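Peer 1: If you scroll down you'll find the structure; I have some questions about it.
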Amino acid sequence: MKKKIVIGILAHVDAGKTTLSEALLYRSGKIRTLGRVDHKNTYLDTNAVERERGITVFSKQARFSTENCDLILLDTPGHVDFSAETERTLALLDYAVLVISGSDGVQNHTRTLWSLLEMYGVPTFIFVNKCDIAIKLKDELEAELARVLSSCCVSFFADESKKQCDERLAMVNEDLLESFLADEPIDDEDVACLISERRLFPCVYGSALKMDGIDHLLNILDKYTLSPVYGSDVFGAKVYKINRADSVRLTYMKITGGSLSVRDEIVYIGADGKRYAEKVDRIRLYSGERFEQTETARAGEVCAVSGLSSTYIGQGLGFEGNTAKPVLEPVLSYRILLPEGCDVNLYFPKLKQIEEEEPSLHLCWNEELSQIEARLMGDIQIDVLKRMISERFGIDCSFDTGKILYKEKILSRTVGVGHFEPLRHYAEVQLLLEPQPKGTGLVFDTDVPENTLSTNWQRLILTHLYEKRHRGVLTGAFLTDTKITLVAGKAHLKHTEGGDFRQATYRAVRHGLMKAGCELLEPYYKFRLELPAQSLGRAMADLQARFADFEIAENGAEMAVLEGRGPVSELHRYARELTAYTAGKGRISCVSDGYEPCHDADAVIAARGYDPEADLANSPHSVFCAHGAGFTVPWNEVDAYKHLEYSLDGENKEKELVPRAASLAKKYSVSDKELEDIMLRAFGPIKRRQYRDVKTVMSEERRKTQRKKVSKPEHSIVIVDGYNVIYAWDSLSALAEKNLDDARESLMNLLASYVGYTKTELILVFDAYLVKDGQGSDFERDGYRVVFTKHEQTADAFIEKLMHDLGPDYGVRVVTADRLVQCYAVNSGILRMTPKEFEEELTAVGNEINELVRRYAEMKQ
């Protein structure tokens, strides 16, 4: 059986990547006519922009075979403007071919691609192209690869003997050296294993245009690749591309486990946070522009699927998790200028379709300026986007000169307070904001005892922190490198709704930023500048004036190389000036390299003219209530009005009414019986009838005797906190990790048997407060009542209200592990029951049912 390998081709722009792809397809027999980039007839560059410019813009796939392999080739863009498209394919690759121009050597973007391949752990082959016009000898190129990329780069020459190749292999690995010294030939399987572990990188030399070295590269790929092992039979896939063809939305994915068939249902969470369950309409296997349809795609296959309406790039389906965000992201923002007469509100949703296909655009609506903005890497990407908008929507738009994407981080540790209390509403949130190291991003956490704020409210606050892109207070730029921890919060039993905590959370973040202040950060480029030696002094003076840090990497008689870092605001248009004073001989390549403190923060802040107090969508002020009416308190006075006290000096733990459960468990081990005795001493005896011992299965005679003794039983009812029980039972918790619907259905089936046998009145409550616009539901199923709470209504609040409404006429038992609900139940004289105890009761009832069935079967016999 042939190996199925997914292989990607990566390169710096103009290294000959597309020409190599064309040569591989031609020599393998996939295509009959050899296309050329300059003739605009290549097999993979089919887009009009690609053929006009002679560069690859969109990743494409092709299929070809060798003697032992079926290969799926992914051709990726080489230009730095489309590096995010390249990076998204890396998570799919089994192997990669890195193309290096023999005439240019290892360039700056090549180094970036090498780092990304290392980060994603992709085994790599190296093809040194354009050797027919290269000035450097192969030995010099081999030394450069070993010095710049890895000492494990080994040349595989087509005209050398097996012994010569083994000698070079022995120099990079001790195990291979032992075999070589023992005069044993090095096994191909051992070489393939080293390559798959990234401990060896074969280097092949040739010219793709002249078809030199192509057959040798094909033989190397055929001989030294290993078939990937997909251990799981459960479906899994990684989405790497979204496209539209003939008005059909296509989701491109690699199957990483199990299989996918037409009419299979895929359950996933869309980019909007909603849950979708959609069936696959068609499965296409593309090769170039053409495709063939198949009924089933198995593990290792790359396919395009129709029928999924809300998937997104980087998403994991089935057991797969989401792919990490690309390291290379745009640092420039441009305003999209639509033609006169075009309704911006009408075209913005249409333009969002393009963002589905290219997530790095980050199209957004600037409410303050009433304009559409997009994040782009450079001029070539702008031209491509213009063409896409013109072809798809029939309008010719333009872009402004662009602006730098600044960011902000908090300056010092502080506590922000957000209070929202208009009439008949209430919520207070206190957040600890702390600066974090460079590149951390935003981190959210909670450190609030469950007995002071319900877990459900805490989760809701964290949800509101995650859902919003928080802005700083200097220029309104997005916040980064900050940790936000929930340290205190308060809700009202009657008046608090979910939307109250949203307002309180947002205001707490802004209040903290206003108190501590922010630091403005600007993006930096890592650059490599190559120019004639006589222009070196001019370049060094220019870079110093542009606040760049650099060093001389090479200083030859004719050419010199400078490498360093500098602000994007100073360097992003330097290429034109460089070309002018070097007469076209100089070139600079830049790659995004994170954020640093802004070198001219005062000028940038003054130019933006941002007023944080006037930003109504991000208000730092709080709302309090007095004399039956709400009133606004300015941010600098909120601390005097707040209802909760939290100190940064660590004295807060002593003020907790009850220690956290986790810390209590370290010091004490209290059984349920002891806890029950404590509650009885504190609140007095329970005067209602206790429920029977669930672990004892009564005989039929005893049950008849007891029925005679007991007159009319009181009206009893069991209230079950659904999700609490699911995540407390090991069997249902494991099922919920795979599919929550299945776990919920399994619990309902168990309760149906329990209710049918015991004739118990039961209410099952599920928490649905995160379901947007949810109206809730209340229905009968298999003899008991099932309730889904409304949007922004928690199950705890519903259960507490239900216990209050039932009153003393019912013998109520509540099944939950929530301590606050348990305390409320004990205070009200209502029996509480842990999910573990309830599981034991259901087990006992199940055993009793099985025993009756067995006896009945024996009687029938």
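The values are calculated or read from the model by the stated rules, or taken from the named source; none is laboratory data. None of the values given here were measured: they were computed from a predicted structure. Please note: Cβ atoms are built from the backbone with ideal geometry, for glycine as well, and neighbour counts cover all protein chains shown. Surface accessibility is based on the protein's heavy atoms, side chains included, excluding ligands, DNA and RNA. Shrake-Rupley method; radii C 1.70, N 1.55, O 1.52, S 1.80 Å.
Peer 1: Along each of the three principal axes of the Cα atoms of segment 758-859, give the extent in whole Å, ordering the values from largest to smallest.
Peer 2: 54, 32, 25
Peer 1: Please go through the residue pairs 60/274; 17/223; 138/223; 2/40; 279/790 and name each one whose alpha carbons sit more than 26 Å apart in this structure.
Peer 2: Over 26 Å apart, Cα to Cα: 60/274; 2/40; 279/790.
Peer 1: Helix 138-148 versus the longest principal axis of the chain: what angle, 0 to 90°, nearest 10, using Cα atoms?
Peer 2: So the inclination is approximately 30 degrees.
Peer 1: Separate question: Please work out the Cα convex hull volume for segment 124-243 and give it in Å³ per residue.
Peer 2: Working: hull volume 19.5 nm³, N = 120.
Cα-based convex hull of segment 124-243, divided per residue, equals 162 Å³.
Peer 1: Next question, about the same structure. At a Förster distance of 45 Å, what's the computed FRET efficiency of residue 837 paired with residue 120, Cβ-Cβ distance as r, to 0.05?
Peer 2: Numbers: r = 49 Å, r/R0 = 1.08.
It comes to 0.40.
Peer 1: At R0 = 45 Å, how high is the FRET efficiency between residue 272 and residue 193 if r is their beta carbon distance? Nearest 0.05 is fine.
Peer 2: 0.50
Peer 1: So, taking all protein chains as they sit and a 1.4 Å probe, how much accessible area belongs to residue 391, in Å² rounded to tens?
Peer 2: 120 Å²
Peer 1: Quick check: at a probe of 1.4 Å, how many percent of the accessible area of the chain sits on carbon and sulfur atoms?
Peer 2: On the way: 20790 of 42220 Å².
So the carbon and sulfur contribution to the accessible surface is 49 percent.
Peer 1: Could you grab the relative contact order for segment 471-585? Cα pairs under 8 Å, six or more apart, rounded to a whole percent. Spell out each step's value before the answer.
Peer 2: Numbers: 106 pairs, mean separation 27.5, N = 115.
Over segment 471-585, the number comes to 24 percent.
Peer 1: So what's the angle, to the nearest 10 degrees on a 0 to 90 scale, between helix 108-120 and the longest Cα principal axis of the chain?
Peer 2: Orientation of helix 108-120: about 40 degrees from the principal axis.
Peer 1: Would you mind computing, in nm to one decimal, how far apart the modelled labels at residue 396 and residue 855 are, each placed 7 Å from Cα along Cα→Cβ?
Peer 2: Reported label-point gap for residue 396 and residue 855 is 9.0 nm.
Peer 1: Another question, if that's okay. I need the calculated FRET efficiency for the pair residue 579 and residue 151, taking r as the beta carbon distance and R₀ as 41 Å, to the nearest 0.05.
Peer 2: Working: r = 36 Å, r/R0 = 0.87.
Working from the Cβ atoms, E equals 0.70.
Peer 1: Follow-up question, since we're still on this one. Compute the separation of the alpha-carbon centres of segment 8-80 and segment 816-841 and state it in Å as a whole number.
Peer 2: Here the answer is 65 Å between Cα centres.
Peer 1: Using 7 Å Cα-to-Cβ label points, what is the residue 558/residue 602 separation (nm, one decimal)?
Peer 2: Spacing of the two 7 Å Cα→Cβ label points: 4.9 nm.
Peer 1: Put +1 on the Cβ of each Lys and Arg and -1 on the Cβ of each Asp and Glu in segment 515-637; which of 586, 619, 632 then has its Cα farthest toward the positive end of the dipole?
Peer 2: The Cα lying farthest towards the positive end belongs to 586.
Peer 1: Can you give me the C-alpha center-to-center distance between segment 180-224 and segment 424-463, rounded to a whole angstrom?
Peer 2: Going from one Cα centre to the other spans 54 Å.
Peer 1: Could you tally the net charge around residue 492, taking each other residue with its Cβ under 12 Å from the Cβ of residue 492, Lys/Arg +1 and Asp/Glu -1?
Peer 2: -1
Peer 1: Hey, what D do you get for segment 27-156 in µm²/s if you plug the Kirkwood alpha-carbon radius into Stokes-Einstein at 37 °C and 0.692 mPa s?
Peer 2: Details: Rh = 16.2 Å.
Here the translational diffusion coefficient equals 202 µm²/s.
Peer 1: As a test question: what accessible area, to the nearest 10 Å², does residue 392 have when a 1.4 Å probe is rolled over all protein chains in place?
Peer 2: 90 Å²
Peer 1: Where does the chain land at 222 nm, in deg cm²/dmol rounded to the nearest 500, when only DSSP H runs of n ≥ 4 count, each adding -39500 (n - 2.57), divided by all residues? Let's see the in-between values first.
Peer 2: Details: 27 runs with 291 residues, N = 861.
About -10000 deg cm²/dmol.
Peer 1: Sticking with this structure for a sec: Taking just the C-alpha trace of the chain, give me its Rg and Dmax in Å.
Peer 2: Answer for the chain, Rg first and Dmax second: 33.4, 112 Å.
Peer 1: Could you work out how much longer the chain between residue 551 and residue 645 gets when fully extended? Use 0.36 nm per residue separation minus the Cα distance between them, nm to one decimal. Write out the running numbers ahead of the final one.
Peer 2: Numbers: separation 94, 0.36 × 94 = 33.84 nm, distance 5.30 nm.
Using 0.36 nm per residue and subtracting the Cα-Cα distance, I get 28.5 nm.
Peer 1: Follow-up. Counting each pair of different Cα atoms once, what's the Kirkwood radius of segment 319-403 in Å, rounded to one decimal? Please report the intermediate quantities before stating the final value.
Peer 2: Numbers: mean 1/r = 0.0730 Å⁻¹.
Hydrodynamic radius (Kirkwood, Cα pairs) of segment 319-403 is 13.7 Å.
Peer 1: Please work out how much length the chain gains when fully extended from residue 742 to residue 540, using 0.36 nm per residue of separation minus the C-alpha to C-alpha distance, in nm with one decimal. Walk me through the intermediate numbers first.
Peer 2: Working: separation 202, 0.36 × 202 = 72.72 nm, distance 6.55 nm.
Length difference between fully extended and current span is 66.2 nm.
Peer 1: Oh, and also: Filter the GluC sites (Glu not before Pro) in segment 229-311 to those in DSSP coil with at most 14 other Cβ atoms within 10 Å of their Cβ, and list the result. Intermediate results must be reported in sequence, preceding the final value.
Peer 2: Values: sites: 265, 278, 289, 292, 295, 301; in loops: 289, 295, 301.
Loop-located and lightly packed - 289, 295.
Peer 1: If you don't mind, another one. With the radius of gyration and the Kirkwood radius both derived from the Cα set of segment 356-457, what is their ratio Rg to Rh?
Peer 2: Working: Rg = 21.3 Å, Rh = 18.7 Å.
Expressed as Rg/Rh, it is 1.14.
Peer 1: What does the extension gain come out to for residue 469 and residue 39, with contour length at 0.36 nm per residue minus their alpha carbon separation? Please list the in-between numbers first.
Peer 2: Values: separation 430, 0.36 × 430 = 154.80 nm, distance 4.66 nm.
Contour length minus the Cα-Cα distance gives 150.1 nm.
Peer 1: Between residue 210 and residue 319, how many nm apart are label points set 7 Å from Cα along the C-beta direction?
Peer 2: If labels sit at residue 210 and residue 319, their model points lie 5.0 nm apart.
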